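The values are calculated or read from the model by the stated rules, or taken from the named source; none is laboratory data. Only a predicted model underlies this, so the values are computations on that prediction, with no experimental measurement involved. Neighbour counts are summed over all protein chains in view; Cβ atoms, including those assigned to glycine, are modelled from backbone coordinates with ideal geometry. With ligands, DNA and RNA removed, areas are computed over all heavy atoms of the protein, side chains included. Shrake-Rupley method; radii C 1.70, N 1.55, O 1.52, S 1.80 Å.
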Amino acid sequence: MQRSSSSLRQAPAAHPLPKGLLARRGVAGPASGGLTGASRGAPLDAAPERNAFKRGQTVSINKAINAQEVAVKEKHARTCILGTHHERGAHTFWSAVNRLPLSSNAVLCWKFCHVFHKLLRDGHPNVLKDSMRYKSELADMSRMWGHLSEGYGQLCSIYLKLLRTKMEFHTKNPRFPGNLQMSDRQLDETGENDVNNFFQLTVEMFDYLECELNLFQTVFNSLDMSRSVSVTATGQCRLAPLIQVTLDCSHLYDYTVKLLFKLHSCLPADTLQGHRDRFLEQFKKLKDLFYRSSNLQYFKRLIQIPQLPENPPNFLRASALSEHISPVVVIPVEASSPDSEPIMDLVEMETSSQQSLFDNKFDDLFGSAFSNDPFNFNNQNGMSKDDKDQLIEQLQREIGDLKEELKNFKAESHRLVVQLKGRISELEAELAEQLHLKQQALDESDFLRTELDELKKRHEDTEKAQRSLTEIERKAQATEQRYTKLKEKYSELVQNHADLLRKNAEVTKQVTAARQVQGDVERDKKELEDSFHRLSEQAQRKTQEQADILEALRRELVASKQELQVLRSAAESSAQSEVEHSAQLAGLQEERASLASAVAQREQQMAALQAEVQQLKATLEREKQEGGQAVEELQSRLGEEESNRQAFQQQLLDKQFALLQSALGEAEQMVRDALNRLDDPAHVSCTSSADYLLSRTQAAAESTERLQEARGQYLSDQSDVSGLLSSVASFAHLIGDTILQASATSHMAPMEPADLLLEACRHCGGETLSYLGALKDKASLESADCTAVRDCLGRITAIGEELRPKGLDIKQEELGDLVDKEMAATAAAIEAAGTRIEEMLSKSQAGDTGVQLEVNKRILGSCTGLMQAIQVLVLASKDLQREIVESGRGAASPKEFYARNSRWTEGLISASKAVGWGATVMVDAADLVVQGKGKFEELMVCSHEIAASTAQLVAASKVKADKDSANLGKLQAASRGVNQATAGVVASTKSSKLQIEEKDSMDFSAITLTQIKRQEMDSQVRVLELESQLQKERQRLGELRKKHYELAGVAEGWDENGADLAP
């Protein structure tokens, strides 16, 4: 694989050092050999040259490390690097650095870290040895700068830690050069063929790379990446050291990859899991940092940053090493130095210094007189002409070489000037582009500022609406979060249960398939046995037939032998008949031979049949054994499947019980959360009503019964836990809600009932936790009893019943009839009021004249209009009430609906009574006004009271109505009509009062001065009396209102001290 070269080799000599400069620093050039050889007889003084070197190094170090927030100039850093090679160490560097105030200036310390990093990488190897004595000072400085969290303080602390890590790494691993460039063979030699060494080396490289990445990330975090920071001097000051960090990271990443592949070839993968995790984390960071760096303008012209692969190497696959490509950091040849200073000054300085050095050496050789007149050969201290000629030729050659070098320097300088001019053109183009981007940013800023103003106006408009919703949303959010968590947990439990059921079904299918296979094997076995029996029977039949045939042949043979014996006896007895029977005997013998051959054939056939029978028996026995083995194998597999199924069922039961325990744990947490909120100061502002508490307590009691039933079902069949899980979730939610509602109700209750209610809540929570804890344990699951929880809920219910508002002293079953009666009575009262007003108007027309008649007509006409508007409102309220009952009662009757919503019904009854009473009082007041006995103010107060009562009736009807209901719209229109009619009554009353007062205007033309003075004093006395009466009446009005609120509170369920138990 190709490896990256050293940073010095990667950066070609864009600014080559002149050979004269090298000669001045002790590095002899090829053209200086003559001078060196001639100067051996008269050596230069070493002390002045050493002092000049130290002065030059000190100047370069002070220029490189200064307090200006700009990047370190490359030429000064390069001078420091060459100085370490010249003196073979870093003594001069540290002697100059120790005089710098690094602990008081963060920028100075940052630039010192940059230069020191360059020296460690590209300086003489002894730089590391000379710097180890200052390691403790660097650690102290790092801790000191670490206390600053802004500016360069944190950057300096991290950079100093990186430098100490680098020094420690190279001290432990001296085979690694400062620039970390090694070949694969050298990398293998560092481990000395010991896997432990490779393991430890990988850990040290991880630590080293971690420090590098930490500095990388910290520098990026300290920059404002929304602006072009890389083109500013301050941004370049922070980004410049990242070039050295990038070079180090590329090598460390490459070596880490190769070492991990080597370790995976020697060690198990599990042992290296930590290495892989750490490498993956550093790979992601390094890839992201390389990508972000490659997009910065500052790095584009100085360095070519490599891109890491999309995916990290797969160390578990050994062949992946061949796919690894070592990242190579390339510094382009045409890259210019960041300092961008003219190079001609350096060339001229080097040329002049070289010329002065040449002159000094010439004076040392030939004296000052000869230097003044080099062609005066009479004053050369007796040198021979040949020596002079040789010296002249040598000097001429050196002069020619120097001229050639000067020419090369000039050409190089010209080339550099051209490059710098091109760079200046590029920078000018970038500047123009930045100016254009700046203008665009300003335009966008103006546009965004305008939009921001508009958004602020909108925000101000919406803030008012949002304030009113914040409190409601906060309360709803808490309830919604609890419900969402419970719902998610329940969904997760249901999903797990469904997965377990699916797995159970799969196992059941496998068991069924195994049973089918066993049945097939048994059928095959039975068929083989039947075939064996059939073959055995066939063999037996064939053997029997062969035996019968053989027996028949034997009988024939015996018969033939008997006949032969008879013949022989006949032959012996009758020799005479021998001749006659000789032919017959020969025939018999032939027949005997044929019979013997037939017997032999039959015996052969029987032997063959017996062999065939034996073969069939062996085959049958072998098949029987194979069938038995198959049956045994299938039986073992079936037993294994059965054990697996039982184990799986047991595992399923364990998981279901674990799910139950998890659900019970969540339920316990919900109850504990409710108990904790009892003492929460933020919960003190929450209030609730006794009616709502009783509804939640009833729901909790029902949930307790359902949980007890689900527990019994689970004990009877532990394979189904879904019912118990849902019951546990519902039970915990309702118990917690009951505790919270009881606490909220206690905030509005008297002290003694509130304390009892809180104590009952805590006792209920404790009993609930005990019951849930018993359900979590298998040993106590069967004996778990919820009687204590039921008793606590009953106690809370009893206290809630005591705290319920007294309301109307009627039964709930009679509420429906009472609503209809009150609405009918209200309508009747309004009709009666309208009739009385008409009668009063008729009476006034008959008895009054003039202004009084006009006033009476105006007042009674406005009252008639108000009565008509109220009548329309009552009819609209009846229609809306009927619609509410029909839509909300469901299958229940209207009376049941009224009883179920008793609070709403009582409010409707109260509003109806107030409307009827107000109409009656207003008619009485109008009657008195018409008769001249009443007051106009009383009539205006009555009209306002009627308007308030009708508003109460509208509000009571609107509570349960649908917002899109047509009857609700009619009711609201009727309410507006009542308000307009009320305003008409007030206006007519005021105008009538003014008209009456104008008629009774005072006439002071006929009274004397004394009478006027007397009446004035009487008037002042009257004013004082009226003011006193007004103050007393206002106090009396306040007391009356206070008492009215107390009486209304008792009717609505308040206590005697005014504490409302129902919101």
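Taking the condition farther than 26 Å from ALA710 by Cα and assigned to a helix (DSSP H, G or I), does LEU638 pass? Can you show your working first?
Details: farther than 26 Å from ALA710 by Cα: yes; assigned to a helix (DSSP H, G or I): yes.
Against the criterion (farther than 26 Å from ALA710 by Cα and assigned to a helix (DSSP H, G or I)), LEU638 qualifies.
What about ARG622, is it out of contact with any strand residue (DSSP E or B) (no Cβ under 9 Å at 6 or more places or on another chain), in a helix (DSSP H, G or I) and open to solvent by 100 Å² or more (accessible area, probe 1.4 Å)? Before you say what the answer is, go through the steps one by one.
Details: out of contact with any strand residue (DSSP E or B) (no Cβ under 9 Å at 6 or more places or on another chain): yes; in a helix (DSSP H, G or I): yes; open to solvent by 100 Å² or more (accessible area, probe 1.4 Å): yes.
It is true that ARG622 is out of contact with any strand residue (DSSP E or B) (no Cβ under 9 Å at 6 or more places or on another chain), in a helix (DSSP H, G or I) and open to solvent by 100 Å² or more (accessible area, probe 1.4 Å).
State all residues of the range 488-507 that are open to solvent by 70 Å² or more (accessible area, probe 1.4 Å) and without any contact (Cβ under 8 Å) to a residue 40 or more places away in the chain; if no residue qualifies, say none.
Within the range 488-507, GLU488, GLU492, GLN495, LEU501, ARG502, GLU506 qualify.
Taking into account only those residues within the range 73-96 that are open to solvent by 10 Å² or more (accessible area, probe 1.4 Å) and outside any helix (DSSP H, G or I), which is farthest from LEU155 (Cα to Cα)?
ARG88
Tell me which residues, restricted to the range 144-192, are among the aliphatic types (A, V, I, L, M), farther than 18 Å from LEU102 by Cβ and assigned to a helix (DSSP H, G or I). Step through it out loud before you land on a result.
In the first step, residues of the range 144-192 are kept if they are among the aliphatic types (A, V, I, L, M); the result is 144, 148, 155, 158, 160, 162-163, 167, 180, 182, 187.
After this cut, where a residue has to be farther than 18 Å from LEU102 by Cβ as well, the list is 180, 182, 187.
Answer for the range 144-192, where residues must be among the aliphatic types (A, V, I, L, M), farther than 18 Å from LEU102 by Cβ and assigned to a helix (DSSP H, G or I): just LEU187.
Residue by residue, here is whether (1) within 24 Å of MET132 (Cα to Cα); (2) modelled with pLDDT of 90 or more; (3) among the polar types (S, T, N, Q) holds:
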residue: GLU168; (1), (2), (3): yes, yes, no
residue: ASP188; (1), (2), (3): no, no, no
residue: ASP194; (1), (2), (3): no, no, no
residue: VAL203; (1), (2), (3): yes, yes, no
residue: ASP207; (1), (2), (3): yes, yes, no
residue: ASN214; (1), (2), (3): yes, yes, yes
residue: LEU223; (1), (2), (3): no, no, no
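Filter the range 699-728 down to residues that are touching an Asp or Glu at 6+ places or on another chain (Cβ under 9 Å), among the hydrophobic types (A, V, I, L, M, F, W, C) and either buried (at least 22 other Cβ atoms within 10 Å of the Cβ) or not in a helix (DSSP H, G or I) (or both), then give me how many there are.
Here the count works out to 2.
Examine the range 530-547 for a residue that is open to solvent by less than 100 Å² (accessible area, probe 1.4 Å), β-branched (Val, Ile, Thr) and either out of contact with any helix residue (DSSP H, G or I) (no Cβ under 9 Å at 6 or more places or on another chain) or not in a helix (DSSP H, G or I) (or both), and state whether such a residue exists.
No, the range 530-547 contains no residue that is open to solvent by less than 100 Å² (accessible area, probe 1.4 Å), β-branched (Val, Ile, Thr) and either out of contact with any helix residue (DSSP H, G or I) (no Cβ under 9 Å at 6 or more places or on another chain) or not in a helix (DSSP H, G or I) (or both).
From ARG99, ARG133, which residue is assigned to a loop (DSSP other than H, G, I, E, B), of a type in the set (Lys, Arg) and open to solvent by 60 Å² or more (accessible area, probe 1.4 Å)? Don't jump to the end; show me each part of the working.
Details: ARG133 fails: assigned to a loop (DSSP other than H, G, I, E, B).
When all the criteria are applied, what remains is ARG99.
What pairs can you find where one residue is in the range 694-723 and under 15 Å from ASP785 (Cα atoms), the other is of a type in the set (Lys, Arg), and their Cβ atoms are less than 8 Å apart, with a gap of 6+ or different chains?
If the second residue must be of a type in the set (Lys, Arg), the pairs left are ALA701/ARG790; THR704/ARG790.
Hey, can you tell me all the residues within the range 111-130 that are more than 14 Å from VAL97 (Cα to Cα), buried (at least 20 other Cβ atoms within 10 Å of the Cβ) and among the charged types (D, E, K, R)?
Across the range 111-130, the qualifying residues are LYS118, ARG121, ASP122.
Scan the range 955-968 for residues that are closer than 20 Å to MET867 by Cα and surrounded by fewer than 20 Cβ atoms within 10 Å (Cβ to Cβ) and report the count.
Summing the residues that are closer than 20 Å to MET867 by Cα and surrounded by fewer than 20 Cβ atoms within 10 Å (Cβ to Cβ) in the range 955-968 gives 1.
Would you check if LYS503 is under 30 Å from SER643 (Cβ atoms), part of a helix (DSSP H, G or I) and either at pLDDT 75 or above or not aliphatic (A, V, I, L, M) (or both)? Before the answer, list the steps.
Numbers: under 30 Å from SER643 (Cβ atoms): yes; part of a helix (DSSP H, G or I): yes; either at pLDDT 75 or above or not aliphatic (A, V, I, L, M) (or both): yes.
In short, yes.
Within the range 584-605, can one find any residue that is at pLDDT 70 or above, open to solvent by less than 40 Å² (accessible area, probe 1.4 Å) and closer than 30 Å to GLU621 by Cβ?
No; the residues of the range 584-605 include none that is at pLDDT 70 or above, open to solvent by less than 40 Å² (accessible area, probe 1.4 Å) and closer than 30 Å to GLU621 by Cβ.
Kindly list, by first and then second residue, each pair from a residue in the range 921-946 that is farther than 14 Å from SER988 by Cα and assigned to a loop (DSSP other than H, G, I, E, B) to a residue that is at pLDDT 75 or above and of a type in the set (D, E, K, R), limited to pairs with Cβ atoms under 9 Å and residues at least 6 apart or on different chains.
The qualifying pairs are GLY934/ASP924.
Name the single residue, out of those in the range 773-788 being in contact (Cβ under 8 Å) with a residue 12 or more places away in the chain and of a type in the set (Asp, Glu), that is most open to solvent (accessible area, probe 1.4 Å).
GLU782
Of the residues SER719, SER688, which single one is of a type in the set (S, T, N, Q) and farther than 30 Å from PHE657 by Cβ? Show your work before the answer.
Numbers: SER719 fails: farther than 30 Å from PHE657 by Cβ.
The unique qualifying residue is SER688.
Show the residue pairs meeting these rules: Cβ distance below 7 Å; 6+ apart or different chains; first residue within the range 735-751 and open to solvent by 20 Å² or more (accessible area, probe 1.4 Å); second residue acidic (Asp, Glu).
Cβ pairs passing all conditions: MET748/ASP1060; PRO750/ASP1055.
Among the candidates ALA90, ALA77, which residue alone is at pLDDT 90 or above, at negative phi and within 49 Å of the chain's Cα centre (by Cα)? Let's see the steps before the verdict.
Working: ALA90 fails: within 49 Å of the chain's Cα centre (by Cα).
Unique residue meeting the criteria: ALA77.
If you check ARG317 against the conditions, is it closer than 29 Å to THR218 by Cβ and open to solvent by 20 Å² or more (accessible area, probe 1.4 Å)?
No.
Can you tell me which of (1) within 30 Å of TYR255 (Cα to Cα); (2) modelled with pLDDT of 90 or more; (3) touching a helix residue (DSSP H, G or I) at 6+ places or on another chain (Cβ under 7 Å) is the one HIS114 doesn't meet?
It is condition (3) that HIS114 fails.
Identify all residues within the range 277-307 that are of a type in the set (A, V, I, L, M), closer than 19 Å to SER326 by Cα and either buried (at least 18 other Cβ atoms within 10 Å of the Cβ) or in contact (Cβ under 8 Å) with a residue 60 or more places away in the chain (or both); write none if there are none. Give the derivation first.
The initial filter retains those residues of the range 277-307 that are of a type in the set (A, V, I, L, M), namely 280, 286, 289, 296, 302-303, 305.
Then drop every residue that is not closer than 19 Å to SER326 by Cα, which leaves 280, 286, 289, 303, 305.
LEU286, LEU289, ILE303, ILE305 - these are the residues of the range 277-307 that are of a type in the set (A, V, I, L, M), closer than 19 Å to SER326 by Cα and either buried (at least 18 other Cβ atoms within 10 Å of the Cβ) or in contact (Cβ under 8 Å) with a residue 60 or more places away in the chain (or both).
Return the residues of the range 952-967 that are part of a helix (DSSP H, G or I), at pLDDT below 80 and not basic (Lys, Arg); say none if nothing qualifies.
Within the range 952-967, the first condition is being part of a helix (DSSP H, G or I), and the residues that meet it are 952-958, 966-967.
Remaining after also requiring at pLDDT below 80: 952-958, 967.
GLN952, LEU953, VAL954, ALA955, ALA956, SER957, ASN967 - these are the residues of the range 952-967 that are part of a helix (DSSP H, G or I), at pLDDT below 80 and not basic (Lys, Arg).
If ALA919 meets every condition in (1) modelled with pLDDT of 65 or more; (2) open to solvent by less than 30 Å² (accessible area, probe 1.4 Å); (3) over 27 Å from THR982 (Cβ atoms); (4) not polar (S, T, N, Q) apart from one, which number is that one?
Among (1) modelled with pLDDT of 65 or more; (2) open to solvent by less than 30 Å² (accessible area, probe 1.4 Å); (3) over 27 Å from THR982 (Cβ atoms); (4) not polar (S, T, N, Q), the lone unmet condition for ALA919 is (3).
LYS525: part of a helix (DSSP H, G or I), within 23 Å of SER730 (Cβ to Cβ) and in contact with a helix residue (DSSP H, G or I) (Cβ under 9 Å, 6 or more places away or on another chain), yes or no? Quick ask: steps written out before the conclusion?
Values: part of a helix (DSSP H, G or I): yes; within 23 Å of SER730 (Cβ to Cβ): no; in contact with a helix residue (DSSP H, G or I) (Cβ under 9 Å, 6 or more places away or on another chain): yes.
For LYS525, the condition - part of a helix (DSSP H, G or I), within 23 Å of SER730 (Cβ to Cβ) and in contact with a helix residue (DSSP H, G or I) (Cβ under 9 Å, 6 or more places away or on another chain) - is not met.
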